[in-house]
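> Structure incoming, see below.
The values are calculated or read from the model by the stated rules, or taken from the named source; none is laboratory data. Because the structure is a prediction, the values reported are computed rather than measured. Backbone-built Cβ (ideal geometry, glycine too); neighbour counts: all protein chains shown. Surface areas here come from the heavy atoms of the whole protein model, side chains and all, with no ligands, DNA or RNA. Shrake-Rupley method; radii C 1.70, N 1.55, O 1.52, S 1.80 Å.
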Amino acid sequence: MIKIFIESGVNDSQKRGKDTTNEQDFIVNIVAKHFPECQYGKDYEIVGTGGWTNLPNLVYEFKSNSDVEGQNLVIFDADENRNGGGFANRQGEINRLLEPHQIEFRLFLWPDNRTDGDFELLLSKIVNSEHRCLLDSYEHFEEEVRNNDPDNEKYDIPGRKGEMYTYISLHKKSGIQNKKFKKGYWLFDDERYWNLSSDELRPLLDFFRPYFSNRG
């Protein structure tokens, strides 16, 4: 069994009446498209941790999976230096946090396991190019807010999370799609919104390939 430990609190999401989180939904769709022989629940599971600092609370789950020759994959945001992260910093923090527990795992940091950033930054790079105008408009909106509040005293700017939520929520959807969206599904299987064949996904696919290939 492959266990993928991510930030999004899947269980917390379910308690709020949702089935999934956008991060989990994304990974499930990536695996379905690029490794279709792998089935969720049979070949792999996704574990929401609520944050990388909570990883030590899941040591038993890590070790139990390793004991049956499973693989543990850990995926979190690299973040940026301005918010206490950055690729090198976050990589070091997670490795140091888990080192005393002597657990086996492989680490990937959004967006590309190389540079600073987050999950939403990756999403912004794989939107359907036809709708890139929505992101351009959002960035213009943020710029205008900053110009009118240079000291950051009046307004909170949602940042990339708000940008990507706005992107997918603005699209007209069918009734079924709207119901799915409200349950946490971001319609990653729909090429009208996302390009899951983008070269931007190559680092993630290279990370997954040794574990997901030839499991059917």
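> Which condition breaks for residue 108 when tested against (1) over 23 Å from residue 33 (Cα atoms); (2) surrounded by 14 or more Cβ atoms within 10 Å (Cβ to Cβ); (3) of a type outside the set (S, T, N, Q)?
Here residue 108 meets the rest and fails (1).
> OK, next. Do we have any residue at all in segment 189-205 that's modelled with pLDDT of 95 or more, farther than 28 Å from residue 43 by Cβ and of a type in the set (S, T, N, Q)?
Checked against the condition, which is being modelled with pLDDT of 95 or more, farther than 28 Å from residue 43 by Cβ and of a type in the set (S, T, N, Q), segment 189-205 yields no hits at all.
> Keeping to segment 73-98, report how many residues are open to solvent by 30 Å² or more (accessible area, probe 1.4 Å) and outside any helix (DSSP H, G or I).
Of the residues in that region, 3 qualify.
> Would you tally the residues in segment 140-172 being of a type in the set (D, E, K, R) and under 21 Å from the mean Cα position of the chain (by Cα)?
Qualifying residue count, segment 140-172: 3.
> For segment 99-124, give me each residue that is of a type outside the set (D, E, K, R), part of a loop (DSSP other than H, G, I, E, B) and within 29 Å of residue 196 (Cα to Cα).
105, 111, 113, 115
> Go through segment 131-159 and report how many residues are under 25 Å from residue 191 (Cα atoms) and either part of a loop (DSSP other than H, G, I, E, B) or without any contact (Cβ under 8 Å) to a residue 40 or more places away in the chain (or both).
Number satisfying all stated conditions: 9.
> Give all pairs with beta carbons closer than 9 Å in which a residue from segment 1-16 that is modelled with pLDDT under 95 meets a residue that is part of a helix (DSSP H, G or I) and among the aromatic types (Phe, Trp, Tyr); count only pairs at least 6 apart in sequence or on separate chains.
Hits for this filter: 7/52; 7/119; 8/119.
> From 213, 198, grab the single residue that is out of contact with any helix residue (DSSP H, G or I) (no Cβ under 8 Å at 6 or more places or on another chain) and either under 26 Å from residue 85 (Cβ atoms) or in contact (Cβ under 8 Å) with a residue 24 or more places away in the chain (or both). Full working, then the answer.
Numbers: 198 fails: out of contact with any helix residue (DSSP H, G or I) (no Cβ under 8 Å at 6 or more places or on another chain).
Just one listed residue meets the conditions, 213.
> Any idea how many residues of segment 170-196 are hydroxyl-bearing (Ser, Thr, Tyr) and surrounded by 11 or more Cβ atoms within 10 Å (Cβ to Cβ)?
Qualifying residue count for the region: 2.
> Counting just the residues of segment 82-105 that are among the basic types (Lys, Arg) and within 21 Å of the chain's Cα centre (by Cα), which one comes out farthest from residue 54 (Cα to Cα)?
If we take residues in segment 82-105 being among the basic types (Lys, Arg) and within 21 Å of the chain's Cα centre (by Cα), then 82 is farthest from residue 54 (Cα to Cα).
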